[in-house]
Amino acid sequence: MKASLFTLLVFFLNGPVVADSPSVSVKQIGALFLEAPPGREKNLIPMGAFGAQEKVETHAVIIFENRLIADIPTFGDDSKVSAFAILPNKTQVSLGTASTSSFRKISEDGKKTLVSISVSRLPDSFVSGVLFKGFIKLPVASAIKRNSAAFQPKVGKGIDVGLGNILISKIESDSMTLSGDDRLTRVATIKIIKTDGTIIVGERGGYSRRGGTEGTVVESQWRFNSPIIPGKIEVATYNDLAIIEVPINLMVTKPY
């Protein structure tokens, strides 16, 4: 399933439009088809079904050739994939909106992610398969850019790494919270380089975004693997960050 066969909707965030179009494919890697027992008898539900009377689920890997999938916080998921039951006469019955995985797993090269799509209710009539159709939204970038600056761990101190007016709003022994505008959402990783050359690595913790009379305020917490001390800070950011609507068109047929 190549992107050239579909229209990809691209919403750019805090950056110019890049020249080349995203090249993306979707590879289906597995599926589950669980029917309800006759009469929907609860005592006959198979072991390992976790209480589900019925469930149809598929797993797929979304692969980008010329983009990196951005590991950034999101507020809700407005992806939309609908499920349709396929009857023996080839007609379709709508099953409503399918559930999509909420925890994104990204490959080491940053170009692949796993998605799981499922529906937990089938018609009472015989079904020969289920079609999942719609789109999944993913944040992607053209590259990662790294900037560094002198670092003093003090509340109110600014950090000049090309993302506007970033300030340290809170600091503890091994964590700090940064405050800025929407450009702060483009941060991929943070490292602090001590004066002796050793590096402490930050991991994203809490995150908030709120509007106000003076514009949007974003706060991002980072936890480090050792106490924070003065030195140099290196901030990696996503270039040309955008939201891509990846088309989904996957079929799961009854296996027996």
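Residues of the stretch 92-132 being in a loop (DSSP other than H, G, I, E, B), within 16 Å of V61 (Cβ to Cβ) and open to solvent by 30 Å² or more (accessible area, probe 1.4 Å), which ones? So that I can check it myself, show each step before the final result.
From the stretch 92-132, those in a loop (DSSP other than H, G, I, E, B) are 98, 101-104, 107-111, 120-128; that's our starting set.
Next, only the ones that are within 16 Å of V61 (Cβ to Cβ) stay: 101, 103-104, 107-111.
Once the filter is applied, which keeps residues that are in a loop (DSSP other than H, G, I, E, B), within 16 Å of V61 (Cβ to Cβ) and open to solvent by 30 Å² or more (accessible area, probe 1.4 Å), the stretch 92-132 yields S101, F103, R104, S107, E108, D109, K111.
For M251, the criteria (1) closer than 30 Å to G134 by Cβ; (2) without any contact (Cβ under 8 Å) to a residue 12 or more places away in the chain hold in every case but one, which is (2).
Any residue in the stretch 228-248 that is charged (D, E, K, R), modelled with pLDDT of 95 or more and within 26 Å of the chain's Cα centre (by Cα)? Yes, the stretch 228-248 has at least one match. When S179, S175 are checked against the criterion of being assigned by the TED database to the domain that holds K191, under 19 Å from Y207 (Cα atoms) and in contact with a Ser or Thr (Cβ under 6 Å, 6 or more places away or on another chain), S179 stands alone in meeting it.
May I ask you to verify whether I168 is part of a strand (DSSP E or B), more than 30 Å from S82 (Cβ to Cβ) and open to solvent by 50 Å² or more (accessible area, probe 1.4 Å)? Walk me through it before giving the result.
Values: part of a strand (DSSP E or B): yes; more than 30 Å from S82 (Cβ to Cβ): yes; open to solvent by 50 Å² or more (accessible area, probe 1.4 Å): no.
It is false that I168 is part of a strand (DSSP E or B), more than 30 Å from S82 (Cβ to Cβ) and open to solvent by 50 Å² or more (accessible area, probe 1.4 Å).
Of all residues in the stretch 171-181, those that are within 27 Å of the chain's Cα centre (by Cα) and either in a strand (DSSP E or B) or β-branched (V, I, T) (or both) total 6. Scanning the stretch 26-36 for residues that are of a type outside the set (A, V, I, L, M) and either without any contact (Cβ under 8 Å) to a residue 40 or more places away in the chain or part of a loop (DSSP other than H, G, I, E, B) (or both) yields K27, G30, E35. Please indicate, with yes or no, whether at least one residue in the stretch 207-214 is open to solvent by 20 Å² or more (accessible area, probe 1.4 Å), under 19 Å from the mean Cα position of the chain (by Cα) and among the small types (G, A, S). Yes: the stretch 207-214 contains one or more residues that are open to solvent by 20 Å² or more (accessible area, probe 1.4 Å), under 19 Å from the mean Cα position of the chain (by Cα) and among the small types (G, A, S).
On inspection, S148 qualifies as hydroxyl-bearing (S, T, Y), open to solvent by 50 Å² or more (accessible area, probe 1.4 Å) and part of a strand (DSSP E or B).
Quick one: in the stretch 144-162, of everything that is among the aliphatic types (A, V, I, L, M), out of contact with any Phe, Trp or Tyr (no Cβ under 8 Å at 6 or more places or on another chain) and in contact (Cβ under 8 Å) with a residue 60 or more places away in the chain, which residue is nearest to K112 (Cα to Cα)?
So the residue we want is V161.
Per the listing V161, V140, the residue uniquely assigned to a strand (DSSP E or B) and open to solvent by less than 30 Å² (accessible area, probe 1.4 Å) is V140.
The values are calculated or read from the model by the stated rules, or taken from the named source; none is laboratory data. Remember, it's a predicted structure, so these values are computed and weren't measured experimentally. Cβ coordinates were reconstructed from backbone atoms using ideal geometry, including for glycine residues, and neighbour counts include every protein chain displayed. With ligands, DNA and RNA removed, areas are computed over all heavy atoms of the protein, side chains included. Shrake-Rupley method; radii C 1.70, N 1.55, O 1.52, S 1.80 Å.
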